[in-house]
Amino acid sequence: MIIEATIMKVQKSIDEEQAATVEEHFQALIDDDSSIDDKIEKSSYENLPEWYNEELFKAGQCYYRRNLLSMAVVSILGVLSVIIIPTILRVLVWTKKSGTTCTAFKRYLETIIHIHSLYTADINNPNSRWWKSLNEIKLKHATNSRRSGESGPGGIYQRDMALTQFGFIGYALLVPDKLGLTNLKHERNGLNHFWRVVGYMLGISNKLNICRKDEIETTALCRLLQDKIYAKHMNDEPEKFNEMALALLGGLWYIDLTIDADCILYFWYEISGLKYAKPLGIYSQINYKYRKFVVYLLETPIIGFFIREYFNYYLSFCYWLAEVFPIFAKLRFGNVHSKIHLYTYSK
């Protein structure tokens, strides 16, 4: 196909900087202890890498738009995998911006909207929300890293930024069948290129960027990360993880009322090949079966198309409503505490 053929046209600069094998790349991640650049600098279209491929990039965006429900689940599970990394967790706890249901609601709603903008906005338009969201994420990381380095547990590591990439792409590549993803090869390569570009634009070094030259190698690297890093911490949860995870899922409930913490955690452990220690209650069991049934419907011919389209429109509406008028959050936390600030740093 044309999209697959364009992979060969991508310049080799990043490929030459990355390790020759997946195993060596994994080891480079483990060994690296450098911090991110904490300079406050905005990015623009001119800063895109030479190897940026518009067709592949837009294929990645299209993959997301076709699979909003499944990619939302990928993101939720991905955030759990991110905050279970001790060095990341320490910085999150120190910021005190996601340790309660209220603060977690605001922080992760802002994250959801920014990621949604990266997937759906036009990168070719310099005034689009793509660039506003990218710069907001970038400047927020730089600010938090500098402040944490000066008076907290230390700055944000390059390694942790690369591990965060896993949170947005890892499960989509590793368990697409358990998430109801459409999962065509050119879509997977598009998703891989999308996050390769986003990682670069957020300041992740080419050497550590977990998105390799094609989705096959990136999937292999994600498998190593899952088995040797995330599974390790899931079996021995760091202090404060459970508190932060429950705050995260409690906050997300005000965006999606079907979210059940135990169900999500159980499913996360299940797809990771691990056993969730806590037995599910009746409601959690029903919630789990409902989610499994939806995945089954997504994979059903003809019916799956309509179910997928329904959730694409439904989630688009939910994101819009949560941004402009988060009804349940306002009722619970009040107008002031439920108000989000999307572009604090990048105005």
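Figures for the structure shown
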| quantity | calculated |
| --- | --- |
| Options GLU299, GLU270: the member that is acidic (Asp, Glu), under 21 Å from PRO176 (Cβ atoms) and over 22 Å from the mean Cα position of the chain (by Cα) | GLU299 |
| Region 192-227, residues that are surrounded by fewer than 24 Cβ atoms within 10 Å (Cβ to Cβ), among the polar types (S, T, N, Q) and either at positive phi or not in a loop (DSSP other than H, G, I, E, B) (or both) | THR219, GLN226 |
| Residue that is nearest to PHE26 (Cα to Cα) [pool: residues in region 210-253 that are out of contact with any Leu (no Cβ under 8 Å at 6 or more places or on another chain) and among the aromatic types (Phe, Trp, Tyr)] | TYR230 |
| Residue satisfying all of: in region 162-191; among the hydrophobic types (A, V, I, L, M, F, W, C), crowded, with 22+ Cβ neighbours inside 10 Å and assigned to a helix (DSSP H, G or I); nearest to the chain's Cα centre (by Cα) among these | PHE168 |
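Every residue, every condition in (1) at pLDDT 95 or above; (2) over 21 Å from SER316 (Cα atoms), yes or no:
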| residue | (1), (2) |
| --- | --- |
| ILE229 | yes, yes |
| GLU237 | no, yes |
| ASP256 | no, no |
| TYR269 | yes, yes |
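Results for (1) within 17 Å of VAL198 (Cα to Cα); (2) small (Gly, Ala, Ser); (3) modelled with pLDDT of 95 or more; (4) not in a loop (DSSP other than H, G, I, E, B), shown as yes or no for each residue.
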{"residue": "GLU24", "(1), (2), (3), (4)": "no, no, yes, yes"}
{"residue": "LEU77", "(1), (2), (3), (4)": "no, no, yes, yes"}
{"residue": "SER81", "(1), (2), (3), (4)": "no, yes, yes, yes"}
{"residue": "ILE88", "(1), (2), (3), (4)": "no, no, no, yes"}
{"residue": "VAL91", "(1), (2), (3), (4)": "no, no, no, yes"}
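Okay, residues lined up against (1) touching a residue at least 40 places away in the same chain (Cβ under 8 Å); (2) within 21 Å of HIS114 (Cβ to Cβ); (3) loosely packed, with under 12 Cβ neighbours inside 10 Å:
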residue: TYR276; (1), (2), (3): no, no, no
residue: TYR283; (1), (2), (3): no, no, yes
residue: PHE306; (1), (2), (3): no, no, yes
residue: GLU309; (1), (2), (3): no, no, no
residue: LEU315; (1), (2), (3): yes, yes, no
residue: ALA322; (1), (2), (3): yes, yes, no
residue: ARG332; (1), (2), (3): yes, no, no
residue: ASN335; (1), (2), (3): no, no, yes
residue: SER338; (1), (2), (3): yes, yes, no
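The values are calculated or read from the model by the stated rules, or taken from the named source; none is laboratory data. None of the values given here were measured: they were computed from a predicted structure. In this analysis, Cβ positions are derived from the backbone assuming ideal geometry, glycine residues included, and neighbour counts consider all displayed protein chains.
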